[in-house]
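Student: Take this structure, written in structure tokens, and hold onto it; I'll ask about it next.
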Amino acid sequence: MNAPQRVKIRHIVPSIVTVFAICAGLSSVRMSLEGHLQASLYFILLAVFLDAADGKLARFLDSASPFGAELDSLADFFNFGIAPGLVIYNTLYLGRPQASLGWLAVLILAVCCALRLARFNLSTRRPDVTLKQDGFFVGVPAPALACLALMPVFLQLSGWQNVDLPILRSAYIAGVGLLAISTIPTYSIKHATIKRTHLPFVIVGAVVLVVCLLVYPWLTLIVANLLYLASLPLSYMAFNRSLTKADGA
């Protein structure tokens with residue numbers, strides 16, 4: 001009789017964190033349905049943090065596995081494709097004349113998120129399909145997609161309740177979804193480097209960012225989204241310059 005297989009605890013820690021992220025996404029949907037908008041957004045932000053943490057843990061503990069990768073993709077689809085869409089629909093469109101238009105926008109958002117994650121899974125199996133190129137992502141990654149799509153909700157919480165442009169808002173949400181499946185190079189923080197002399201300024205900037213998130217969370221997220229959108233042309237030009245240098249080398 002074969003002895004039962006044993007699994008080291010460190011091998012399942014990243015998957016446990018991913019399960020917590022799924023629970024955060026589900027809790028976000030519940031809070032949205034119960035009318036607790038800010039709590040629902042906090043749970044999505046928690047899911048963003050846990051999504052970054054599980055990958056770091058998997059590499060730190062040397063416990064990456066195909067099971068963990070698939071579970072992470074399923075969690076990302078729900079947390080960054082489904083949950084934000086439901087929050088947006090429940091907050092901005094439910095019971096209003098433009099409900100069908102808003103539902104179409106969040107459907108596009110969810111489908112684009114699913115397509116991006118499917119392409120990501122394919123990139124892990126085929127070397128000719130990649131979503132990372134020399135420190136750049138191809139398209140907007142799923143966590144950034146969720147934060148960008150939630151911009152209209154952040155605006156409402158920041159005091160823009162009287163500004164109601166449903167067609168423009170729906171076009172924006174659908175356009176953000178299309179950015180996820182585009183081939184636009186976007187900066188990857190994971191592979192970013194800085195000069196050692198700039199390290200103190202980066203640390204101070206990180207502290208300021210955390211304080212701003214605690215004191216003015218929605219305004220800070222709006223500014224972060226605007227800066228990210230403004231970085232897209234810059235990342236495109238930087239990527240093309242890197243290609244030119246590579247060709248000339």
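Student: Can you go through Leu199, Leu219, Leu229, Leu214 and tell me which one is part of a helix (DSSP H, G or I), in contact (Cβ under 8 Å) with a residue 12 or more places away in the chain and over 19 Å from Gly139 (Cβ atoms)?
Tutor: That would be Leu219, the only listed residue that is part of a helix (DSSP H, G or I), in contact (Cβ under 8 Å) with a residue 12 or more places away in the chain and over 19 Å from Gly139 (Cβ atoms).
Student: Here is a list: Val87, Val29. Which entry is closer than 24 Å to Trp160 by Cα, under 17 Å from the mean Cα position of the chain (by Cα) and crowded, with 22+ Cβ neighbours inside 10 Å?
Tutor: Val87
Student: Show the residue pairs that are 6+ apart or on different chains and have beta-carbon atoms under 6 Å apart, the first residue being within segment 23-36 and more than 13 Å from Tyr89 (Cβ to Cβ) and free of Cβ contacts under 8 Å to residues at least 24 places away in the same chain, the second being among the hydroxyl-bearing types (Ser, Thr, Tyr) and buried (at least 16 other Cβ atoms within 10 Å of the Cβ).
Tutor: Met31/Ser40
Student: Select from segment 1-26 the residues that are under 16 Å from Gly85 (Cα atoms) and open to solvent by 70 Å² or more (accessible area, probe 1.4 Å) and list them in ascending order. Lay out the reasoning, then the answer.
Tutor: Of segment 1-26, the ones under 16 Å from Gly85 (Cα atoms) are 22, 24-26.
Correct list: Leu26 only.
Student: Just to be sure I understand, how many residues within segment 164-196 are small (Gly, Ala, Ser) and part of a helix (DSSP H, G or I)?
Tutor: 6
Student: Against the condition of a type in the set (A, V, I, L, M, F, W, C) and open to solvent by 80 Å² or more (accessible area, probe 1.4 Å), how does Ile222 come out, does it pass?
Tutor: Taking the combined requirement at face value, the residue does not satisfy it.
Student: Something else: Identify, please: which residue in segment 72-118 is among the hydroxyl-bearing types (Ser, Thr, Tyr) and in contact (Cβ under 8 Å) with a residue 12 or more places away in the chain and is, among those, nearest to Gly139 (Cα to Cα)?
Tutor: Step by step, filter segment 72-118, then rank; the result is Ser73.
Student: Of all residues in segment 174-192, which are free of Cβ contacts under 8 Å to residues at least 40 places away in the same chain and open to solvent by 80 Å² or more (accessible area, probe 1.4 Å)?
Tutor: Once the filter is applied, which keeps residues that are free of Cβ contacts under 8 Å to residues at least 40 places away in the same chain and open to solvent by 80 Å² or more (accessible area, probe 1.4 Å), segment 174-192 yields Ile189, Lys190.
Student: Quick one: is Ala171 exposed (fewer than 15 other Cβ atoms within 10 Å of the Cβ) and at pLDDT 90 or above?
Tutor: Working: exposed (fewer than 15 other Cβ atoms within 10 Å of the Cβ): yes; at pLDDT 90 or above: yes.
So Ala171 passes the test.
Student: Across segment 32-51, which residue is surrounded by the fewest Cβ atoms within 10 Å (Cβ to Cβ) among those that are within 16 Å of Leu117 (Cβ to Cβ) and not β-branched (Val, Ile, Thr)?
Tutor: Taking the candidates together, the pick is Asp51.
The values are calculated or read from the model by the stated rules, or taken from the named source; none is laboratory data. This is a predicted model, so every value here is computed, not measured. Positions of Cβ are backbone-derived with ideal geometry, glycine not excepted, and every protein chain shown enters the neighbour counts. Keep in mind that these areas ignore ligands, DNA and RNA; they rest on the heavy atoms of the full protein, side chains included. Shrake-Rupley method; radii C 1.70, N 1.55, O 1.52, S 1.80 Å.
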